[in-house]
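Let me begin by presenting the structure, written as structure tokens, before commenting on it.
The values are calculated or read from the model by the stated rules, or taken from the named source; none is laboratory data. None of the values given here were measured: they were computed from a predicted structure. Cβ placement follows ideal geometry from the backbone for every residue including glycine, while neighbour counts extend to all protein chains displayed. The accessibility values were calculated without ligands, DNA or RNA, using every heavy atom of the protein model including side chains. Shrake-Rupley method; radii C 1.70, N 1.55, O 1.52, S 1.80 Å.
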Amino acid sequence: MNPTPSTGPVTRLLVANRGEIARRILRTCRTLGVDTVAVYTPGEEDALHVAEADAAVCLAVPEGRGPADAYLDPETLVTAAHTAGADAVHPGYGFLSENAGFARAVIDAGLTWVGPPAEAVEEMGAKVRAKQVAREAGVPVSAALELDEVGDEHLPVLVKASAGGGGRGMRVVRDRDALPDEVAAARGEAASAFGDPTVFCEPYVERGRHIEVQILADAHGTVWAVGERDCSVQRRHQKVVEEAPAPGLPDDLRESLHEAARRMAKAIGYVGAGTVEFLVPVDEKGPHAPVFLEMNTRLQVEHPVTECVTGMDLVEWQIRIAEGEHLPEEGPPPTPQGHAVEVRLYAEDPGNDWQPRTGTLRTFEVPAATTEFAPLSAPGVRLDSGAGAKDTVGTDFDPMLAKVVARGRDRRDALRRLAGALVGTRVHGVGTNRDLLVRVLRHPLFTTADLHTGFLSGERLTELARPLADTEAESLSALAASVAAAEAARTAATVPAGVPANWRNLSSQPHTRRHTNAQGEEITTSYRTLRGDYLPEGEGTRVLSATPDEVVLEVDGVRRTFTVHTYPEDPDVYVESPLGPVTLGPVDPLPSPETVVDPGALPAPMPGTVIAVDVSVGAKVTKGQTLLRMEAMKMEHRITAPTAGAVREIPVEAGQRVPAGALLAVLDHEGQDQ
């Protein structure tokens, strides 16, 4: 028999997580006067969540495993809580937040578990069982398919991990012959992310809206549906943009979703904060009857949008409920006011199959942010981030740098505020999906709430993944960078008295500087100098003023300011302007002789771990065929054949960690596509 969960005042809480969600929980604890304990792994000593906690405990990394695995060991985390004198544990989201074994380990240790009952976690964690519970509670459910039952008539199907979420362990299968390989891949990804390889299948809805209802329930039988959120804009089945309330839902559909969520929570004796997720099929006639997807027995990544339209601090209520407190009997929950939209800022390249971007953050600032980690009581911008300047972005953890949230008087106001905040964000040193997020928020279909889970796909994705700065903006930014560099050189140089700035022997020759843009394309700028003035080549452009950090240009009568950022340890130049941010790389005027590279060599696009090799040496492959799979930032990335050919060499094996650029395979190309 399980012991009764501990209740009573929480005095010292261990956050069994890291990064942004750890900081979010720490912020509420500071407000409540609760002491805090952080956990971290070797190399994370300077992380923000470690610095902000009252105490911190280092977790040992299991031999032969990665840092993320340290956060997946219940015994280690419970020991850390006892070591630091904590009397409660909050799991955050991800890692062990939906692991019933961890919940029981915490309770068995006499600690307060800031989460739902372990039995509820267990029932909802097994998603096939969750569908059965939903059906018994009168909640509409899509049919779950046994893996060996899937036939051509069921296609397309979605392979899903039974434990966890966040898009990990999910695959859309349109070809029956591909099912075994996709199931194996999903199992591997699920095991890595959640420690449980169990997967199942369900019918895949090509065009649907992902709507979820926020639940808050106390231990005394009161269940609140605290509004709903639309999370339809996704990449790889992982949410990218979320908003509350869900736009364009008929009132009767909205209420039916809330009622279904309440029934689901009551059916399993739920306590705490949770989310019931639904898929609402849509077509030209509008939304149709929803079906239950799953229940997340934890705090959601996107909880800030609900907080910003209700004024509630959901983490505070998690703690108060864990202490045995009643939800206000005068209920119901607050009615949403205004509109809130959240985007997830990822270190990734949307135009290159969402590959992760690694490096050192030189600067990360969101000047428009009016608050951090707290509900917005008025229109404004909220920032929830786990990363800061000088942090190293690697591949051991999720690539999310921050969540940026805007609250507006209405949806249009919120979208405009959020897009503007992102445009003004300074993020240097690591590539991100920022430009795509801005384009999504300003896209005509998105602004009219024509939403569905396939929004980021096909030609639309190609268009949305383009940089905000066009060719002209890149050229002007490069000119600003060149002039700023000249000003920096002049300022640093010792010049004989009487010699004007930028003096040269051959005044008739222009100053020329070359840069590369983010796509590796070369940009050349030229200007002349006359008595210290900069005279750009070409008509219509004037340099009005210049310093090493700021250049003001006038183009065809329009004046714009360009801020230029450089760092001693970074060869790139970062230029910000109203035309869009531009990152410029250097061009070596005297390049070293290039190393001869085998034209069939396939290097690792990022550091990571090889999780499977799908072909053998000598095998004939077609263009686009998967050769091997890597895991980086807890997501799977496939290395495919660029053309048809034969596999000559595979110098790596499953389980091997490799750096970026490491040789993964060598192909002998046939010289034509198949």
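Worth a mention:
- Per residue solvent-accessible surface (Å²) - the range 115-162, probe of 1.4 Å: 42 Å²
- Sparse packing (at most 15 other Cβ atoms within 10 Å of the Cβ) combined with a DSSP loop state is found for the following trypsin sites (Lys or Arg not before Pro) in the range 363-468: 390, 409.
- Within the accessible area of the range 5-51 (1.4 Å probe), percent carbon and sulfur: 48 percent
- Principal semi-axes in Å for the range 68-140 [√(5λ), Cα gyration tensor, largest first]: 28, 12, 9
- Rg/Rh for the range 551-657 (Cα atoms only, Rh after Kirkwood) is 1.18.
- Normalised size of the chain, defined as Cα radius of gyration per 2.2 N^0.38 Å with N residues, equals 1.03.
- For residue 663, neighbours were defined as the other residues whose beta-carbon sits under 12 Å from its Cβ, and their charges (Lys and Arg +1, Asp and Glu -1) total -1.
- When a 1.4 Å probe is rolled over the protein heavy atoms, the share of accessible surface on the range 271-334 that falls to carbon and sulfur comes to 52 percent.
- Coordinate range along principal axes, alpha carbons of the range 297-338, Å, largest first: 31, 26, 15
- For the range 652-659, backbone phi angles converted through the Karplus equation (6.51, -1.76, 1.60; θ = phi - 60°) give residue-by-residue couplings of 10, 9, 4, x, 7, 8, 10, x Hz, Gly and Pro being listed as x.
- Where the range 196-275 is the region considered: accessible area per residue in Å², 1.4 Å probe: 29 Å²
- Environment charge at residue 43 (Cβ cut-off 12 Å; Lys +1, Arg +1, Asp -1, Glu -1): -4
- Folded to 0 to 90 degrees: helix 251-267 orientation relative to the chain principal axis, Cα: 60 degrees
- Relative contact order (percent, whole number), the chain, Cα cutoff 8 Å, 6+ residue spacing: 9 percent
- Legend: P(r) of the range 246-389 from all alpha carbon pair distances, 10 Å bins from 0, whole percents, reading 8, 29, 34, 22, 6, 0.
- Loop-located trypsin sites (Lys or Arg not before Pro) in the range 518-606, at most 12 other Cβ atoms within 10 Å (DSSP): 531
- Between the helical axis of 411-423 and the longest alpha-carbon principal axis of the chain there is an angle of about 50 degrees.
- The Cα center of the range 1-68 and the Cα center of the range 189-214 differ in position by 27 Å.
- Long-range amide H partners of residue 88 with built H, under 5 Å: 12, 14, 112
- Cross-link pairs 403/623; 131/239; 127/239 - those with Cα-Cα distance over 26 Å: 403/623
- Within the shell of other residues whose beta carbon sits under 9 angstrom from the beta carbon of residue 188, the net charge comes to -1, with Lys and Arg scored +1 and Asp and Glu -1.
- 0 to 90° range, to nearest 10: angle between helix 471-492 axis and the chain longest Cα axis: 70 degrees
- Once the mean of 1/r is taken over each pair of separate Cα atoms and inverted, the range 331-396 shows a Kirkwood hydrodynamic radius of 14.7 Å.
- Cα coordinate range in the range 114-250, projected on the principal axes (Å, largest first): 49, 36, 29
- For the range 370-465, alpha-carbon Rg relative to the globular expectation (2.2 N^0.38 Å, N residues): 1.17
- Considering only the chain, percent of DSSP beta bridges that pair antiparallel, nearest 5: 90 percent
- Entry note: the range 1-156 has Rg to Rh equal to 1.07, where both radii use alpha-carbon atoms and Rh is the Kirkwood radius.
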